[in-house]
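I have placed the structure first, in the form of structure tokens, so that the comments after it can refer back to it.
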Amino acid sequence: MTEVKNILLVGVGGQGTILASKILSTGLMEAGYDVKMSEIHGMSQRGGSVTTQVRFGEEVYSPIIGKGEADILVSFEVMEALRWLDHLKPNGKMVINDYKIPSVPILTGKKNYPKGVIDRIKEKVDTTVLNAAKIAEELGNVRTMNIVLLGSLVKAMGLEGIDWEEIIQKTVKEKFVHMNIKALKAGMERL
Amino acid sequence: MKKLLTGNEAVARGVYEAGITFAAAYPGTPSTEILENIAPYKEEIIAEWAPNEKVALESAIGASIVGARAFAAMKQVGVNVAADPLFSFAYTGCNGGIVLVSADEPGIHSSQNEQDNRMYAKFAKIPMLEPSNSQEAKDMVKDAIKISEMYDTIVLLRMTTRICHSKSLVELGEREEVGKKPYNKNPQKYATTPAYARKMRVRVEERIKKLKSFTEETPLNYFEWNKKKIGIISSGVAYQHAKEVFGKSASYLKLGFTFPLPMEKIKAFAAKVQTLYVIEEVEPYMEEQIKAMGIKCIGKEKIPNIGELNADIIRKGLLEEEKPLIECDTSDLVGRPPTLCAGCPHRGLFYELSKKKNIIVTGDIGCYGLGVADPLNAVDTVICMGASVSAGHGAQKALSKHGDHMRAVSVIGDSTFFHTGMNSLLDIAYNQSNTVTVILDNRTTGMTGHQENPGTGYTLQGEKTKEIDIPTLCRAIGIDHVKVVNPLKLEEVKTALNEALNLDEPSVIITRWPCVLKKHSDLDIDEFGDYKGLCEVDKDQCIGCKKCINTGCPALHFDKESKTVKIDKVQCVGCEVCVQVCPVHAIKKVGE
Ligand code: SF4
Ligand code: SF4
């Protein structure tokens with residue numbers, strides 16, 4: 001494979017996009033690809049929008065994905081999917097977590113959370129919607145929502161051949177390994 | 001062994017492998033993680049948070065002078081603070097090799113300005129290296145140390161956000177143990193008194209001459225020949241973006257050593273290619289020097305000097321190509337401005353300040369800069385680190401002089417107070433303005449991700465240490481009215497503010513409560529206990545007045561349908577600030 005693939009994970013500070021992309025990049029690295037990963041955030045710990053970008057292939061140059069370049073966009077939050085839509089290739093894939101986090105102007109009642117976002121996006125691109133929060137909750141911990149989404153990404157990109165369980169074992173704390181593996185599998189199945 | 005490392009992690013590894021034994025920094029995005037990743041090498045390296053960048057560099061200079069390999073790191077604006085020692089040390093030269101990292105932030109993700117610190121190398125006349133990925137970031141620390149010792153000078157390693165924070169593959173190496181060089185007393189070399197400095201000035205020029213030959217020979221600057229229709233001169237992350245766009249369709253002169261520039265190499269390259277592009281992020285640092293040599297090239301007329309560079313910008317600017325994009329109605333997208341966290345201890349103070357009329361609030365760099373934002377709108381100015389206190393002083397003096405009754409209130413964090421706010425408070429005590437200085441002591445350095453500082457009782461490498469007592473310090477500086485309050489108790493804050501504003505003398509209010517995101521140290525647990533809990537709104541009692549919403553807590557949500565407020569259980573920590581502002585007592589603490 002010579003062509004560079006671009007994966008974009010977007011969400012809100014605190015949703016675990018960074019851990020998900022860390023596992024992803026480690027897996028890709030161990031599979032022998034050249035990998036570059038970039039976190040893009042300002043003061044994101046304070047509720048801002050966060051994206052992590054992973055590029056892999058035989059040789060990767062720029063660490064960032066431009067507009068119209070992502071092969072897949074996994075949005076951890078509904079409105080963020082719309083915000084980053086222009087970074088997706090016109091024939092790229094969209095995975096949306098049906099989970100809303102209102103931002104401050106919405107919380108204070110000054111603005112409304114945009115309506116019909118998912119339908120709007122579905123009209124334009126190949127879109128998969130899943131409720132990762134619910135899936136993760138059923139598994140026993142909402143916090144593994146990020147790994148559920150990682151699972152669906154792995155499936156969508158056809159990366160099942162990599163030993164993800166081993167990578168999870170290496171990256172997360174021992175007591176969370178089992179739960180994360182379950183979450184990953186659930187994400188792969190539900191796509 | 002190969003590992004995926006960020007540029008910052010790679011620099012830390014480079015510091016380890018280069019046999020450096022002393023490293024210091026002040027945290028600042030995008031440079032913070034460098035020192036955090038050096039800290040674990042406790043056996044080999046002393047790693048310290050300094051109270052500011054000037055101190056960080058000066059301590060590294062001291063280590064170098066006595067013969068140790070030394071290192072300092074800071075963000076772009078930090079170099080401004082450290083510029084004073086930097087320019088003098090550029091004259092004296094070093095003993096143990098020494099590297100200074102400047103992590104610049106094109107695009108201003110979380111700084112107060114966008115500055116291209118490559119200018120500093122030229123200005124201070126010191127050699128500069130620019131890595132373009134993590135592997136180079138690591139290797140160049142080692143190269144820089146060698147150059148430093150070879151040419152008797154501090155070396156600037158200039159990084160940018162995208163190099164600092166993106167991960168790429170790095171081959172790890174072993175540490176080279178070099179020990180310490182002997183120190184020989186030599187004031188003619190290390191004392192910049194005028195008589196000696198004038199001699200040093202001449203040596204600086206001689207050194208530049210030698211470096212000019214070095215830059216022509218070093219493999220850090222190399223050609224990559226492909227088709228010769230287009231030739232590209234580039235450095236740092238810009239080189240990667242350029243390769244992304246042009247790939248093998250152009251030839252490159254990749255520059256890793258960028259001060260002084262290899263003018264002969266550049267001339268030779270320019271002569272062989274048809275069209276020459278200079279692709280660089282932010283300022284035309286290379287382009288200006290290249291054009292001054294009479295070489296024709298295209299650069300900033302096609303590529304903007306504002307903001308972070310990427311492949312799209314290059315593609316658009318130089319090739320006039322644009323990728324097809326998905327079009328979708330995004331007119332109702334709502335922004336996601338950063339905000340003070342739910343339960344942030346600064347909220348209580350800002351809420352009270354926002355109700356005060358006829359005051360100017362001079363703010364500073366840190367989370368509390370967010371006091372500028374809606375709905376608190378409490379802060380008027382943010383200049384640079386430590387400036388709030390002195391700006392408040394100047395404002396107050398001018399207001400009083402002109403018979404204006406407006407009052408100045410300065411807000412500054414604990415870490416920022418130690419950084420340079422202390423000096424400013426001394427100015428207030430000395431020149432007696434009746435300003436109110438509020439020190440927001442959240443027991444950590446909040447904005448950059450919870451680093452220790454002289455007030456927290458711990459060092460970067462986890463040792464217990466002296467904890468500076470801010471009230472005592474303020475009194476020692478010469479402030480007589482010093483009050484410590486709990487910022488979560490609004491009455492207490494209000495009373496303290498009113499008292500202070502009624503004084504005809506300078507005063508200090510210290511709001512002392514830990515940042516909610518901070519992992520509590522033993523000292524914190526002793527002092528503050530386990531205070532966290534949960535609050536709830538009784539929806540039958542809530543009258544939808546939005547008073548609580550005006551505190552700006554992101555855990556509070558106004559529900560348009562029921563016209564009542566709801567509290568998000570996941571975010572709320574039960575700080576009870578909202579409880580105190582609700583006029584009908586609809587909010588209650590429901591759990592510990
Ligand atoms: S990180 Fe700490 S200090 Fe900063 S906004 Fe959040 S609670 Fe406040
Ligand atoms: S108690 Fe009120 S102000 Fe404090 S975190 Fe909870 S909702 Fe926010």
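The values are calculated or read from the model by the stated rules, or taken from the named source; none is laboratory data. The model shown is predicted, which means the values in this text are computed figures rather than measured ones. In this analysis, Cβ positions are derived from the backbone assuming ideal geometry, glycine residues included, and neighbour counts consider all displayed protein chains. Protein only, heavy atoms only, side chains kept; ligands, DNA and RNA dropped before computing areas. Shrake-Rupley method; radii C 1.70, N 1.55, O 1.52, S 1.80 Å.
Side notes on the structure shown:
- Against the empirical 2.2 N^0.38 Å (N residues), segment B:10-113 has a Cα radius of gyration ratio of 1.00.
- Taking N as the residue count of segment B:112-266, its C-alpha radius of gyration divided by 2.2 N^0.38 Å amounts to 1.20.
- Sorting B:His346, B:His481 by solvent-accessible area of protein heavy atoms yields B:His481, B:His346, largest first, with a 1.4 Å probe.
- Using alpha carbons only: equivalent-ellipsoid semi-axes of segment B:217-356, gyration tensor based, whole Å: 42, 21, 13
- The A and B chains share an interface that buries close to 4800 Å² of accessible area, total over both sides, probe 1.4 Å.
- Remark: the B:Lys181-B:Glu491 segment gains 105.6 nm on full extension, using 0.36 nm per residue and subtracting the alpha carbon distance.
- Taken about its Cα centre, chain B carries a charge dipole of roughly 1640 debye when the Cβ of each Lys and Arg holds +1 and the Cβ of each Asp and Glu holds -1.
- Shape category assigned to segment B:173-234 from the gyration tensor of Cα positions, a/c cut at 1.5: oblate
- For B:Val484, the amide hydrogen comes within under 5 Å of the amide hydrogens of B:Ile510, counting only partners 5 or more places away or on other chains and with H modelled in the peptide plane.
- Burial annotation for segment A:55-76: residues with an accessible-area loss of at least 10 Å² between the isolated chain and the complete set of protein chains, computed on heavy atoms with a 1.4 Å probe, are A:Arg55, A:Tyr61, A:Ser62, A:Pro63, A:Ile64, A:Gly66, A:Lys67, A:Gly68, A:Glu69.
- A crude spin-label estimate for the pair A:Asp163 and B:Glu217, with each label 7 Å from Cα along the Cβ direction, gives 4.9 nm.
- The coefficient of translational diffusion for chain B, derived via Stokes-Einstein from the alpha carbon Kirkwood radius under 10 °C and 1.306 mPa s, stands at 60 µm²/s.
- The Rg/Rh ratio for the protein assembly as shown is 0.97, where Rg is the radius of gyration of the alpha carbons and Rh is the Kirkwood radius.
- Solvent-accessible heavy-atom area per residue, rounded to whole Å², over chain B at 1.4 Å: 40
- Principal-axis tilt of helix B:236-246 within chain B, Cα atoms, nearest 10 degrees: 70
- Within segment B:35-111, GluC sites (Glu not before Pro) in DSSP loop having at most 15 other beta-carbon neighbours inside 10 Å: B:Glu43, B:Glu44
- For segment B:146-193, the set of trypsin sites (Lys or Arg not before Pro) satisfying both a DSSP loop assignment and a count of at most 12 other C-beta atoms within 10 Å is given as B:Lys185.
- For the residue pairs B:Lys464/B:Lys519; B:Lys243/B:Lys267; B:Lys357/B:Lys483; A:Lys89/A:Lys170; A:Lys110/B:Lys547; B:Lys142/B:Lys248, the C-alpha atoms sit more than 25 angstrom apart in A:Lys89/A:Lys170; B:Lys142/B:Lys248.
- Anisotropy class of segment B:464-592 from Cα gyration tensor, a/c 1.5 cut: oblate
- On chain B, 52 percent of the accessible area sits on carbon and sulfur atoms, based on a 1.4 Å probe.
- A straight Cα-to-Cα reach below 23 Å connects B:Lys54 with the lysines B:Lys75, B:Lys122, B:Lys125, B:Lys189, B:Lys466, residues fewer than 8 places away in its own chain not being considered.
- Per the Kirkwood formula applied to alpha carbons, chain A shows a radius of gyration over Rh ratio, Rg over Rh, of 0.95.
- When you work out D = kT/(6 pi eta Rh) for segment B:214-296 at 10 °C and 1.306 mPa s, using the Kirkwood radius from C-alpha pairs as Rh and the Stokes-Einstein form, the result is 127 µm²/s.
- For segment B:60-170, the Stokes-Einstein estimate of translational diffusion at 37 °C and a viscosity of 0.692 mPa s comes to 234 µm²/s, using the Kirkwood hydrodynamic radius over alpha-carbon pairs.
- Taking a straight Cα-Cα cut-off under 19 Å and skipping sequence neighbours fewer than 8 places away in the same chain, the aspartates and glutamates within cross-link reach of B:Lys355 are B:Asp374, B:Asp380, B:Glu491, B:Glu492, B:Glu499, B:Glu576.
- Based on the reciprocal of the average 1/r between different C-alpha atoms, the Kirkwood radius for segment B:392-445 equals 11.7 Å.
- Nitroxide proxy distance, nm - points 7 Å out along Cα→Cβ at B:Lys146 and B:Glu505: 6.3
- Pair B:Ile108, B:Val202: separation of 7 Å Cα→Cβ label points (nm): 4.6
- Label zone at B:Asn226, where the point sits 7 Å out along the Cα-to-Cβ direction: segment B:259-280 residues whose backbone N lies under 17 Å: B:273-280
- For segment B:458-535, the share of alpha carbon pairs falling in successive 10 Å distance bins from zero is 15, 37, 33, 14, 1 percent.
- Two-decimal log10 I(q)/I(0) for segment A:93-191, as the Debye equation yields it once each C-alpha is a single scatterer, q = 0.19 Å⁻¹: -0.93
- Hydrodynamic radius (Kirkwood) for segment B:322-374, which is based on Cα pairs only, to one decimal in Å: 14.3
- Residues of type aspartates and glutamates that B:Lys518 reaches as a straight line, Cα spacing below 13 Å, ignoring anything fewer than 8 places off in the same chain: B:Asp441, B:Glu452, B:Asp530
- Along its first, second and third principal axes, ordered by size, segment A:56-132 spans 48, 24, 21 Å in Cα coordinates.
- Range of Cα positions in segment B:72-114 per principal axis (Å), largest first: 37, 17, 11
- Once divided by 2.2 N^0.38 Å, the Cα radius of gyration of segment B:514-582 becomes 1.28.
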